[in-house]
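Structure record follows, encoded as structure tokens.
The values are calculated or read from the model by the stated rules, or taken from the named source; none is laboratory data. On a predicted model such as this, the values are computed, not experimentally measured, just so you know. So basically every Cβ, Gly included, is an ideal-geometry build from the backbone, and we count neighbours across all protein chains shown.
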Amino acid sequence: MSPSEPMERFSEFLVTRGLLAPGEAEALRSDPAAQPPWFGTLAFLMGFLDREAIDRVLRHQRNSGLRFGEQAFRMGLLTKEQVGTVVGIQEDRQVLFPEVAALLDRVPGEEAGKELRAFLRR
């Protein structure tokens, strides 16, 4: 993909997979306040953490004040590479929270994770 060519958005990918309607994808992207998904949500969808691990991190995080990824790393639940992968997804803004929420409303978490990983491999 050339630098001048726009990156495909996750919602556009979901339309091609038949998981979102075109108008729905556009509506999800139109909210200027839409933020990247939470770190824990992405780590779960990427298969890095299960729900129990996320709960453990959140309990520790309340006391430590660390960011989620740093707390998970210090607990030995994530590698630096995994933390970097999740942060990279958040920073490139190709995947936004409303898109992930819409996908999770349609398919189980494991299938949603497969779709996200397929999108990131393209």
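Some points to look at:
- All conditions in (1) surrounded by 19 or more Cβ atoms within 10 Å (Cβ to Cβ); (2) within 14 Å of Arg17 (Cβ to Cβ); (3) of a type in the set (A, V, I, L, M); (4) more than 10 Å from the chain's Cα centre (by Cα) hold for Val83, with the sole exception of (2).
- Among the residues of the range 16-37, just one is in a loop (DSSP other than H, G, I, E, B), without any contact (Cβ under 8 Å) to a residue 40 or more places away in the chain and in contact with a helix residue (DSSP H, G or I) (Cβ under 9 Å, 6 or more places away or on another chain), namely Ala21.
- For the range 76-86, the set of residues classified as without any contact (Cβ under 8 Å) to a residue 24 or more places away in the chain and either under 9 Å from Phe39 (Cβ atoms) or assigned to a helix (DSSP H, G or I) (or both) consists of Lys80, Glu81, Val83, Gly84, listed by residue number.
- Note on the range 100-117: residues that are closer than 19 Å to Pro22 by Cα, assigned to a helix (DSSP H, G or I) and more than 9 Å from the chain's Cα centre (by Cα) total 8.
- Which listed residue, of Gly40, Gly47, is out of contact with any Leu (no Cβ under 6 Å at 6 or more places or on another chain), at pLDDT 90 or above and outside any helix (DSSP H, G or I): Gly47
- Being more than 28 Å from Val107 (Cα to Cα), crowded, with 17+ Cβ neighbours inside 10 Å and either among the aromatic types (Phe, Trp, Tyr) or touching a residue at least 24 places away in the same chain (Cβ under 8 Å) (or both) holds for only one residue in Phe73, Phe44, Phe13, Phe48, and it is Phe73.
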